[in-house]
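Report on the following structure.
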Amino acid sequence: RKSNLFLERIETMKGDILTEEAYSHWSAVARFFRGYEYSRLVSVFGDVPYYDKVILDSEMDLLYKDRDSRTLVMDKVYDDFVYVLANMRLSDGNAQYLNRYIAAGFIARFMLFEGTWQKYHLNNTEKATKYLQLAVEAANLVMASGKFSFTSDFRSLFGSMDLAGNKEVIMYRHYDAALGVTHHIASYANTTESQPNSGNLWLAKSFICADGQVYQSSTLPDADKLDFVSMIATRDPRFEATFWDAPMKEAATLLLSDKFIDRIGPTYYGGSYPAQYGSNTNTNDAPVMRLGEVVLNWIEAKAELATMGGPAVSQADIDASINAIRNRPLDAIAIGKGIQKTTPLSLASLPDDPDRDADVTPLLWEIRRERRMEFVYEHSRLLDLKRWKKLSYMDVTTNPDLHLGLWIDFPVEFPEWLIPAKVGKLKVQDGTGTVITYNGTNAAEMVGYYIPENIAPRDAFTDRVYLAPVGMTQIAEYTDKGYTLTQTPGW
């Protein structure tokens, strides 16, 4: 409604008050936010009522109309986004004011989501192609601008107190304690606060080795060992930049993420934290849209188009996206640990992953892996699984690695848990799948994949979980007025 009201009011300002350029820009701003909101609603509910004008209180048939199909809605969104890419200003005086580059980053995100949804859920290759082509166009606008590049180490994207001037960051949130603008995300990465939703074995296994191979076929020493020391030493640098390098009792799986804090914050473990690292007074900036996402959206859209008759992905495409990310600088801490940049991905020798789904091409599999390494604990993972129609990955009955931590030699790495309080509670799974429970006398046997305490499977998975239900209160409100609001299928 705000966007539609905005559009109607600036229409009356055209010519006398607004120049043609200003009118086009502000129309693009309104249409961007309208497309943004409908993209969000469609990703949650699927079909939703679509409005492109302000509705009066007396227009009951419009106010209480039923849901429009998601394809109709997203075609309208597509039209809005095409207008945005043609008319929004490249700059509006401040790099953090909405501009065409920021908008293009989000457009690539939303069009990739809907394009892949149309392909995997609706088998509509025509619409999938249409949306994915716009995703490529939007991302290419950012990439071809020359304004953004991979000049930052990975941790600085999340732990920096000021992201101004960071060439990888297209849009960010700035925090300032003096203005009372703070957050609490860094405190959960300070190694003292608890992390009930910590990394599991399945996530750890997905990280590529530094030689560009999966752990089953890597030639790096100890690459096939899934313990803390071996993982840090052999995996893509983002593993070391995302996780603490030793078991931490604060994490439910003992694999604690320190991604969203600088390198200094965790050094206060066991002591008193300065305000920027503790409680809800954190002030490190947060990237909202960054080049890493743009290029991965771009390469995935291109790879998906190639499966539907589009041009094949080239090595130059891979170099401009995945390999550009892998060539990020390493910070001094990582270098001091001996961390190495990951070998560039080559189309001529893609990794042969024995865990790859048969219905996913080797190239798409590696693109999806790159997203997983890049976006741990950010916004995208659940949305990715939904649009790929892969929520079954979250089912522990078929994916038991979800309920395991890394391999731990408790007598050597974590002897402080070999205590009476852990008798009957501390458990590991050895290499044969046998569960070993600590009984107070078998400390030497407590070597294996850690099994978190009090862990249980999720509810049963069915296709209905891909979309959210409509509230019964809203359905009843329609009924009271003599109208029908349909429920999401399966609910």
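The values are calculated or read from the model by the stated rules, or taken from the named source; none is laboratory data. Keep in mind that this is a model prediction, so the values were computed, not measured. Methodologically, a virtual Cβ is constructed for each residue, glycine included, from the backbone with ideal geometry; neighbour enumeration extends over all protein chains shown. With ligands, DNA and RNA removed, areas are computed over all heavy atoms of the protein, side chains included. Shrake-Rupley method; radii C 1.70, N 1.55, O 1.52, S 1.80 Å.
A simple count of charges around Asn87, restricted to other residues whose Cβ falls under 12 Å of its Cβ and scoring Lys, Arg +1 and Asp, Glu -1, yields 0.
What's the magnitude of the charge dipole for region 322-440 around its Cα centre, counting Lys and Arg as +1 and Asp and Glu as -1 at the beta-carbon? Answer in Debye, nearest 20. Present the calculation step by step, with values, prior to reporting the outcome.
Details: 17 positive and 17 negative charges, 80 e Å.
The calculation lands at about 380 debye.
What do the square roots of 5 times the Cα gyration tensor eigenvalues come to for the chain, in whole Å, largest first, as semi-axes of the equivalent ellipsoid? Can you show the working numbers first?
Values: eigenvalues 347, 144, 120 Å².
Whole-Å semi-axes of the equivalent ellipsoid: 42, 27, 24.
In this Cβ point-charge picture (+1 for Lys and Arg, -1 for Asp and Glu), the chain has a dipole of about 320 debye about its Cα centre. Size of region 343-491 from its Cα atoms: along the principal axes, largest to smallest, the extents are 70, 50, 25 Å. Measuring spread by the Cα atoms of region 373-445 yields a radius of gyration and Dmax of 16.9, 49 Å. Helix 2-11 sits at what angle to the longest principal axis of the chain, using alpha carbons and giving 0 to 90 degrees rounded to 10? Result, in degrees: 40. Across all Cα pairs in region 261-406, the calculated P(r) in 5 Å bins from zero up to the longest distance comes to 2, 7, 13, 17, 17, 15, 13, 9, 5, 2, 1, 0 percent per bin.
Could you count how many Lys pairs in region 253-404 have their Cα atoms under 26 Å apart, skipping same-chain pairs fewer than 8 positions apart? Don't skip to the answer; put the middle values down first.
Values: Lys259/Lys337; Lys259/Lys341; Lys259/Lys386; Lys259/Lys390; Lys302/Lys341; Lys302/Lys386; Lys302/Lys389; Lys302/Lys390.
Number of lysine pairs found: 8.
For region 1-94, a crude dipole built from +1 on the beta carbon of Lys and Arg and -1 on the beta carbon of Asp and Glu, taken about the Cα centre, is about 280 debye to the nearest 20. Ranking Ala210, Ile451, Trp407 by Cα position along the charge dipole of the chain, where only Lys, Arg, Asp and Glu carry charges on their C-beta atoms, puts Ala210 farthest toward the positive end.
With Cβ to Cβ distances under 14 Å as the rule, what net charge do the other residues near Glu413 carry (K, R +1; D, E -1)? Please list the in-between numbers first.
On the way: positive: Lys225, Lys249; negative: Asp227, Asp245, Asp409, Glu416.
That sum, taken over residues with Cβ under 14 Å, equals -2.
What accessible area per residue comes out for the chain, rounded to a whole number of Å², with a 1.4 Å probe? Intermediate results must be reported in sequence, preceding the final value.
Values: 22120 Å² over 491 residues.
Spelled out: the 1.4 Å probe surface of the chain, per residue, equals 45 Å².
Stokes-Einstein diffusion of region 54-142 at 10 °C, 1.306 mPa s viscosity, Kirkwood radius from Cα pairs, rounded to a whole number: 109 µm²/s.
Under the 0.36 nm per residue contour assumption, what length would be gained going from the current alpha-carbon distance of Lys225 and Glu193 to full extension?
On the way: separation 32, 0.36 × 32 = 11.52 nm, distance 2.83 nm.
Value of the extension gain: 8.7 nm.
Within the accessible surface of the chain, defined with a 1.4 Å probe on protein heavy atoms only, the carbon and sulfur portion equals 54 percent. Calculate how steeply helix 100-120 sits against the longest principal axis of the alpha-carbon atoms of the chain, using the helix alpha-carbon long axis, and give the answer as 0 to 90 degrees to the nearest 10. Here the helix axis deviates by roughly 80 degrees. If you fit an axis through the alpha-carbon atoms of helix 70-87 and take the longest principal axis of the Cα set of the chain, what angle between them do you get, 0 to 90°, nearest 10? Helix 70-87 sits at roughly 80 degrees to that axis.
Rg and Dmax, both from the Cα atoms of region 297-372 and both in Å, are 14.1, 47. Over all distinct Cα-Cα pairs of region 193-314, the Kirkwood formula returns a hydrodynamic radius of 17.1 Å. Our summary of shape: the Cα atoms of region 295-335 have principal axis extents of 45, 16, 10 Å, ordered from largest down, in whole angstrom. When only alpha carbons of region 260-299 are considered, Rg and Dmax amount to 14.8, 45 Å. Here the sum of -39500 (n - 2.57) over DSSP H runs of 4 or more residues, divided by the residues of the chain, equals -11000 deg cm²/dmol at 222 nm, to the nearest 500. Model label points for Lys337 and Asn442, set 7 angstrom from Cα along the Cα-to-Cβ axis, are 3.3 nm apart.
Here is the list for region 450-491: trypsin sites (Lys or Arg not before Pro) lying in DSSP coil, each with at most 12 other C-beta atoms within 10 angstrom of its C-beta, are Arg458, Lys481.
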